[in-house]
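Please read the structure below before turning to the comments.
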Amino acid sequence: MLRIENLHAEIDGKPILKGLTLSVNAGEIHAIMGPNGAGKSTLGYVLGGRPGYEVTEGSITFDGQDLLELEPHERAAAGVFLGFQYPVEIPGVSNVQFLRESLNAQRAVRSEKPLSGGEFLKLAREEAKKLDMDAEMLKRPVNVGFSGGEKKRNEMVQMGIIDPKFAILDETDSGLDIDALRIVGDGINRIMRQPTKAVLLITHYQRLLDYVKPDFVHVLADGRITRSGGAELAHQLEREGYAEIAA
Amino acid sequence: MSDAVLDLPSAREEAWRWADLGGLAAAAALAPVAAPEAEFLDLLGAKLLFVDGVLDEARSDLHRVTVGALAADDHALGRRAAGTGWSLHLDAQAVTDPVQIVHVATGRQNHVPSEIVLAEDAAAEVVETFVGAGWQNRFTRTRLGKGARLMRSVRLLQPAGFVSLREAAEIGEAASLVAVFLGAGGQGSRIDAQLTMAGDGAFVEYGGTLLTSAEQRQECAVRVNHAKPNGASRQVWRAVAADRSQVSLAAAVEVARHAQKTDGEQSLRGLLLDRTATVNLKPELEIFADDVKCAHGATVGELDQRAMFYMQSRGIPRARAEAILTRAFVADALERIGDETVRAAFEADADAWLEAALD
Ligand SMILES: Nc1ncnc2c1ncn2[C@@H]1O[C@H](COP(=O)(O)OP(=O)(O)OP(=O)(O)O)[C@@H](O)[C@H]1O
Ligand SMILES: [Mg+2]
């Protein structure tokens with residue numbers, strides 16, 4: 001599904017990703033762990049197409065097409081979802097409006113009929129309920145005044161509504177309380193654990209991986225994948241730290 | 001330059017520093033255009049159509065509005081508008097259906113006075129629309145008696161030319177004036193208002209949104225004078241400027257020595273859609289009373305690029321994301337329109353502007 005070859009990317013002329021290679025197949029969940037500042041979020045932004053993140057070398061193909069050729073919104077329509085480490089507040093725009101516009105814009109690209117206001121609300125309410133988010137929050141401006149954990153949960157509600165093919169979830173577990181962690185973990189499994197889908201799960205902690213069992217675990221350090229393994233690698237990292245293992 | 005323009009103040013005068021006097025003169029010299037369709041909103045009540053400043057009786061329905069000679073004031077713009085104009089006078093407790101006025105210009109210049117006088121506890125709603133080309137100049141005198149309520153909505157939709165509005169209002173005891181302006185055409189404009197809080201506990205909300213593109217210039221210059229205690233005034237203005245255009249917002253609050261417990265708020269915000277555009281903001285407070293609450297905020301910024309990427313990453317195309325964010329930015333300034341039909345029409349005008357500007 002996703003094939004990243006020798007990816008080099010820089011921000012403001014500063015190299016951050018330095019030859020990253022990674023392949024993700026349909027049906028797989030990959031966890032990415034690594035020290036602060038290693039370039040994990042940068043990888044997510046490059047996949048999403050954030051302006052200012054310049055790819056200087058290498059390639060990314062998604063379902064056989066050159067992802068770097070696509071505009072950010074086209075990547076979304078192609079099935080890529082980026083769960084933000086720091087979800088953005090949008091004053092004056094309600095969650096309902098934001099998500100309905102998002103979903104219908106994607107559907108338009110795929111030549112699907114737009115959802116009516118009523119159809120959309122029904123879908124949004126169901127998804128909020130599954131993730132134990134108060135449906136009233138859907139009416140509020142996007143992420144404005146949401147707690148850290150509420151923002152993360154809202155990312156998952158968005159993912160549930162958009163139903164992407166491939167999700168990059170950047171520290172979706174940070175800021176969640178113990179119950180929320182379980183609910184979000186279950187949500188990721190429910191929405192994404194499917195033979196046609198795949199996930200790149202960026203995390204610092206084993207505890208999310210107790211719920212969402214990764215098929216592969218990679219260590220990203222200094223802009224490269226320095227080590228890959230199975231679920232046991234995450235346990236080893238938690239015990240021994242990056243210094244030992246990733247060096 | 002036509003004579004009519006010559007005796008306006010010069011831009012060297014502080015209150016006129018941002019006025020586009022050249023644009024006004026150019027508007028007055030515009031070659032005639034065909035009269036555009038005059039479209040009334042689907043509301044009950046009076047409908048007045050002015051073409052080049054003259055009432056088109058056949059296509060108007062006056063209801064309680066009268067037409068006759070009115071005095072002007074001594075203001076540079078207001079004094080030109082002496083002559084025949086429209087008046088709405090309501091007796092105590094009277095309530096009318098909305099009054100709609102469409103001002104069509106086919107070029108050159110026209111000047112019309114008007115007067116809204118509401119007696120105790122009377123209530124009215126007035127909706128005005130400017131279309132066409134040329135310079136349209138209006139003087140509106142408003143007097144609200146005790147407890148009277150007036151809602152005004154004014155939209156400037158001329159593709160070209162200039163609209164100048166001189167407004168003088170006296171708001172009586174516990175009376176309320178809410179006025180919302182939308183500049184969403186291609187014309188230049190100056191909204192020039194002097195509002196006097198003439199009774200105890202008077203209430204005013206006066207604001208709107210001015211949207212400019214190309215070389216366009218629009219401005220407001222509003223002065224609220226709290227002459228009596230316990231008054232509250234809110235001025236909420238939003239400016240959106242694209243290309244090389246300019247919006248200037250000057251809002252002043254004056255609080256007289258004995259006007260204690262005044263609550264004055266000014267919120268002036270500008271959004272630049274291009275680095276070459278300009279938004280000038282000038283909030284002013286002149287407070288001579290000691291027990292008052294006055295807040296003002298004035299900021300100019302650009303669209304939040306993080307929000308832009310967030311929206312795009314969810315599938316919203318760039319231009320649409322810009323439109324949504326810009327629309328959210330001006331929403332505060334339009335939401336005060338009480339009548340749903342009117343509000344929807346104004347919002348649609350703002351949307352149409354955005355669609356064209358962000359293309
Ligand atoms: N706008 C920027 N200008 C310069 N450097 C930047 C910019 N944004 C990020 N960086 C740098 O890029 C590097 C990688 O950052 P990134 O956010 O990808 O790290 P991360 O692996 O996600 O870390 P964390 O675990 O703390 O979230 C860091 O050294 C960071 O300081
Ligand atoms: Mg990060």
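Couple of notes before you dig in:
- Sorted largest first, extent of the stretch B:1-131 alpha carbons per principal axis (Å): 46, 35, 24
- Short-range pairs are left out: with C-alpha atoms under 8 Å and at least six residues apart, the relative contact order of chain A is 27 percent.
- Under Stokes-Einstein, with the Kirkwood radius over Cα pairs as Rh, the value for the protein assembly as shown at 25 °C and 0.890 mPa s is 90 µm²/s.
- Charge tally in the Cβ shell below 14 Å around A:Asp222, where Lys, Arg are +1 and Asp, Glu are -1, A:Asp222 excluded: +4
- Cα centroid separation, the stretch A:169-247 to the stretch B:34-92 (Å): 70 Å
- Mean separation of Cα contacts under 8 Å, 6 or more apart, over the residue count of the stretch B:2-358: relative contact order %: 11 percent
- Sequence-distant lysines (8 or more away, or on other chains) whose Cα lies within less than 16 Å of A:Lys139: A:Lys122, A:Lys129, A:Lys151
- Our note on the geometry: Cα centres of the stretch B:195-259 and the stretch A:64-114, 39 Å apart.
- Each label point was placed 7 Å from the Cα along the Cα-to-Cβ direction; for B:Leu285 and A:Ser111 their separation is 6.1 nm.
- Over the protein assembly as shown: helical MRE at 222 nm, DSSP H runs n ≥ 4 each giving -39500 (n - 2.57), nearest 500: -7500 deg cm²/dmol
- 0 to 90° range, to nearest 10: angle between helix A:95-109 axis and chain A longest Cα axis: 70 degrees
- GNM top mover of A:Lys122, A:Lys151, A:Lys213 - chain A, alpha-carbon springs below 10 Å: A:Lys122
- Where labels lie 7 Å past Cα in the beta-carbon direction, separation of B:Asp263 and A:Glu244 in nm: 6.4 nm
- For the stretch A:2-246, Kirkwood radius (reciprocal of mean inverse C-alpha pair distance, Å): 18.4 Å
- Per-pair calculated FRET efficiency, R0 = 45 Å: A:Val144 and B:Ala82 via Cβ, rounded to 0.05: 0.35
- Note on B:Glu37/A:Leu68: beta-carbon distance plugged into 1/(1 + (r/R0)^6) with R0 of 56 Å gives a FRET efficiency of 0.70.
- Straight Cα distances below 21 angstrom link A:Lys18 to the lysines A:Lys40, with same-chain residues fewer than 8 positions distant left out.
- Here the simple spin-label model places points 7 Å from the Cα toward Cβ, and for A:Asp210 and B:Ala69 these points are separated by 9.1 nm.
- Where Cα atoms sit under 19 Å apart: lysine pairs in chain B separated by 8 or more or lying on different chains: 6
- The stretch B:2-358: proportion of alpha-carbon pairs further apart than 24 angstrom, %: 55 percent
Values quoted throughout were computed directly from the atomic coordinates according to the rules given, and no laboratory measurement underlies them. Because the structure is predicted, anything quoted here is derived from the model rather than measured. Positions of Cβ are generated from backbone atoms using ideal geometry, with glycine treated the same way; all protein chains shown enter the neighbour counts.
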